[in-house]
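Each remark here refers to the structure printed beneath this line.
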Amino acid sequence: MGRIKGKVIRTVLLAGLTCAAVGLLNAMGQPLIVALGVRLASLATTAAGVGGGVLTLWSAADLAAGARKELALAAKERKTARLDVEPESVPVEDMTSPEATRARLGRISEGSPGLIPLMNRCLAQLDRMDELQRRQGELLALNKAAYLKDTVGTLDTVEKEICLNLRGVVNQCIVAGDGADESRLDMEKVESILAQDQKLLDQSRELLVVSADWIDKYNSQEGGADRSLLDNWIKVIQNTINGGGFS
């Protein structure tokens, strides 16, 4: 606002100086005509008026442009006050990030202690997913089973799906506002989301079991082993993801 005030003062001063210059030249009247002649005296008065007018108009235009810019900035600041971040600035990956999901759940717990038990249930699902991924990684590393790296990719996909599903819970908590408890949520929908995640966790656990069994068979048979059961479980998980999500 300081810049706008400065431009207002400048515009007023230019307008005042223009009027004063023209008035002074007109007041000089006869002495000015004697000194410069009628034509030059008229030109001087006209030049003062035109020149001062142009400067005043330029200053006024600059003032208007500055005012529009200040209003735009003020509007943006008001919008930013309503939104912590612009929607366009949130990367898509953030929606499937377990770290970002944990942070959101933590913020809800801080603002709504009544939702802490529910947030802990959500966090427990993320913890369970981390445990399954860790065990699958150890299983493959111990047996140098690079040939089962597709199971790692499957579990990564499950983790992203769980994060997307939990976004539905987070959205309800945002709508309920700070200080909310479960009575202000659609718990039927929440329980359906958590049940979907639990189904994926159970299937991931079965994939881990089948992976271990298949590795044992693979290591004991020279020609390898039939992995149709393993592939079927991967398909089951993919079908669950494709058939029912809450993102």
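Worth a mention:
- Residue among A180, A124, A141 that alone is in a loop (DSSP other than H, G, I, E, B) and either without any contact (Cβ under 8 Å) to a residue 60 or more places away in the chain or assigned by TED's automatic domain parsing to the domain that holds Q198 (or both): A180
- Out of I241, I234, sole residue that is closer than 21 Å to T96 by Cβ and either within 27 Å of the chain's Cα centre (by Cα) or without any contact (Cβ under 8 Å) to a residue 60 or more places away in the chain (or both): I241
- Some residue of the stretch 144-152 being in contact with a Cys (Cβ under 7 Å, 6 or more places away or on another chain), more than 18 Å from T96 (Cα to Cα) and part of a loop (DSSP other than H, G, I, E, B): no
- Residue check, E191 free of Cβ contacts under 8 Å to residues at least 24 places away in the same chain and acidic (D, E): yes
- Residue within the stretch 168-182 that is more than 25 Å from the chain's Cα centre (by Cα) and either aliphatic (A, V, I, L, M) or surrounded by fewer than 19 Cβ atoms within 10 Å (Cβ to Cβ) (or both) present: yes
- In this structure, D226 does not qualify as of a type outside the set (S, T, Y), under 25 Å from the mean Cα position of the chain (by Cα) and not in a helix (DSSP H, G or I).
- From the list I162, I237, I215, I193, the lone residue that is among the β-branched types (V, I, T) and at pLDDT below 95 is I215.
The values are calculated or read from the model by the stated rules, or taken from the named source; none is laboratory data. Source: prediction; values computed, not measured. So basically every Cβ, Gly included, is an ideal-geometry build from the backbone, and we count neighbours across all protein chains shown.
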